[in-house]
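Following: one structure in structure tokens, then a few remarks.
Every read-out reported here was derived from the displayed coordinates using simple, explicitly stated rules and does not represent laboratory data. Everything numeric here is computed off the predicted structure, so don't read it as measured data. Note that we place each Cβ from the backbone using ideal geometry, even for glycine, and neighbour counts take in every protein chain shown.
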Amino acid sequence: MSQRPPSRRTFLTGAAIAGAALGIPTVVKAQGPIAIDLFQGMGAVVSPLPAEEIVSAIDRGVLDAAAFNNASSDRLLGFADVSKICMLQSYHQNAEQLEIVVNKTRFNALPDAMKAIVENGRGGLGRYVVEVDCDRYSTDYIALQARERVPFYTTPDSILQKQLEIYDQVAARKAADSRIFREVVESQKPFAARAVKWDLDTNVSRRLAYRHYFDGRPPAKPAGPVRKTS
């Protein structure tokens, strides 16, 4: 009997990611070849992320679902080899932040020229990550559908609402046990109320423009002659 051709996950041996369904990986020591995730490739400062155990766990039915962060990471880690359904949109990870943490005492001891290098490098890497994210994520999002045949579904509002309700319950327990947690959450609420209100009222949805230009419709012709600018 001929052997089944090896999949990507054959090469992703090593340790497990605990809590991956929440997008919070816990990395333990790898026992073999590993995959370099998108974020590790960008910064080259994070330990490589092994993933075989979580892909075997989904394959065996031990886990119902898992997610890491984005289409590129999910594809690289081999999730598409064992699961052919992907749900889009969630409150559990609504945004990404990239942090480069530098020891304050060591930073203050650096010459001004070195401080400037660190500061500029930090800002440049942040901008680079945003640019790479847009390119890589969108490319792998299409590849997952076209090559791996993974269908994507928008998460229903009923599930999103349940996420919020469960978060409220967890946050209430954490706040009761931790003064710092309670103070941090309460300090964030006024900013969130102000900033999100501004965002909702000010920034237009791109959906209408996308449908206008790319949803199978030819580009609209200009209403009049196009004038050249000097």
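The length gained on full extension between THR155 and ARG194, counted as 0.36 nm times the residue separation minus their Cα-Cα distance, comes to 11.4 nm.
The share of alpha-carbon pairs in segment 74-230 lying farther apart than 23 Å comes to 68%. Going from the residue with the fewest nearby Cβ atoms within 10 Å to the one with the most, PHE68, PHE107 rank PHE107, PHE68.
How do ARG182, ARG60, ARG75 rank when sorted from fewest to most other Cβ atoms within 10 Å of their own Cβ?
On the way: ARG182 15, ARG60 9, ARG75 23.
Taking fewest neighbouring Cβ atoms as first place, the list is ARG60, ARG182, ARG75.
The phi-based Karplus calculation (6.51 cos²θ - 1.76 cosθ + 1.60; θ = phi - 60°) puts the 3J(HN,Hα) values of segment 74-81 at 4, 5, 5, 7, x, 4, 5, 5 Hz, whole numbers, x for Gly and Pro.
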